[in-house]
Amino acid sequence: MERILVIGGARALGAAVARRAVKDGYDVVVGARDLAAAEVLASEIGATAVRVDLQDESTLAAAAQLLKDGIDHIVTTGSAPHDVRATELDRDKLLAAFTAKVIGPMLVAKHFAPVLRPTGSMVLFSGVVGWRPGRGSLVKGVTNGAVEYAARHLAADLAPVRVNAVSPGVVDSGAWDRLGDKKTALLSKSAEGTFVGRHGEVDDVVDTVMWLLRAGFVSGETIHIEGGARHRSA
Ligand SMILES: NC(=O)c1ccc[n+]([C@@H]2O[C@H](COP(=O)([O-])OP(=O)(O)OC[C@H]3O[C@@H](n4cnc5c(N)ncnc54)[C@H](OP(=O)(O)O)[C@@H]3O)[C@@H](O)[C@H]2O)c1
């Protein structure tokens, strides 16, 4: 049975990947900075849990030590949005955003490379904003763009372990619930900006992640799951 660690696995897209991976027969480890939340999901779906905070390298080292018997796949979904204009940038929040998306996954590679099986893979999470510049999305755009390069260069560094990224468009993952009544408007606007006329569903992303785990001849790629949104003019 292949073992998979899902970082950010206690909720939203990470939790959906963890749930599907259990169904698909993987030995799943739910990694989250909130260990209690990871344990709740893990006990519900038949997985185990580990504390992983992408902002705290010591938790990455400890998790790799805990899983030292070997791991096949790591999916890392972390993000720490800092959606402001350039004039409003806060250095700590900027660093946190880069750490969640780029530096954290690179440090995951550092600590897990010795325990990742050669037939295994990593999947990083980018996002369509990397290809759709706009006011207020500077940090999200640059960090998501950097994920594409992180996947490509980590693929060279960790080979033969494969490293890829997925880049979702707007997906009703639960993350947008914080917008309350405005969520519906956001989802419809995003649907208008695609070729397929709809917003993304959780299964669109999960299906792609599960395919990448098995896609043994795909490495260093970013797979776009956004209905063609980045090809449409704003
Ligand atoms: N949903 C969309 O429309 C959309 C669109 C484009 C790209 N994406 C990308 O897809 C990924 C998943 O997004 P989502 O929709 O599931 O919602 P999200 O709210 O962006 O999820 C982020 C996940 O990362 C975890 N996380 C944040 N900081 C962390 C840290 N320091 N250490 C470990 N985990 C951390 C969160 O866990 P906590 O519970 O601890 O906060 C949560 O599970 C993100 O990278 C996001 O940018 C999503």
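A compact table of results
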{"quantity": "Where trypsin sites (Lys or Arg not before Pro) in DSSP loops with at most 11 other Cβ within 10 Å are excluded, longest remaining stretch of the chain", "calculated": "136-234"}
{"quantity": "Rounded to 5, percent antiparallel among DSSP beta bridges of the chain", "calculated": "0"}
{"quantity": "Relative frequency of Cα-Cα separations exceeding 29 Å in the chain, percent", "calculated": "23"}
{"quantity": "Under the Karplus curve 6.51 cos²θ - 1.76 cosθ + 1.60, θ = phi - 60°, whole-Hz ³J(HN,Hα) for the stretch 138-153, x wherever Gly or Pro sits", "calculated": "3, 5, 4, x, 5, 5, 5, x, 5, 4, 4, 6, 4, 5, 5, 7"}
{"quantity": "Backbone HN-Hα couplings from phi across the stretch 167-173 [Karplus 6.51/-1.76/1.60, Hz, Gly and Pro as x]", "calculated": "10, x, x, 5, 10, 7, 8"}
{"quantity": "Helical contribution to [θ] at 222 nm, DSSP H n ≥ 4, -39,500 (n - 2.57), averaged over the chain, rounded to 500", "calculated": "-12500 deg cm²/dmol"}
{"quantity": "Over 28 Å between alpha carbons, listed pairs Lys68/Lys93; Lys23/Lys189; Lys23/Lys68; Lys140/Lys183", "calculated": "Lys68/Lys93; Lys23/Lys189"}
{"quantity": "Among Val209, Val142, Val170, residue whose mean-square fluctuation peaks in a GNM of the chain (springs only between Cα atoms under 10 Å)", "calculated": "Val142"}
{"quantity": "Other-chain or far-sequence residues with amide H under 5 Å of Gly120's (modelled H)", "calculated": "Arg162"}
{"quantity": "Crossing angle, helix 12-23 versus the chain [Cα axis fit, 0-90 degrees, rounded to tens]", "calculated": "40"}
{"quantity": "Length-normalised contact order for the stretch 3-224 - Cα pairs under 8 Å, 6+ apart - percent", "calculated": "18"}
{"quantity": "Rounded tilt (10° steps) of 35-45 against the dominant C-alpha axis of the chain", "calculated": "80"}
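Here, each number is a calculation from the coordinates, and none is a lab measurement. Owing to the predicted nature of the structure, the values given are computational and were not obtained by experimental measurement. Virtual Cβ from ideal backbone geometry, glycine too; neighbours counted across all protein chains shown.
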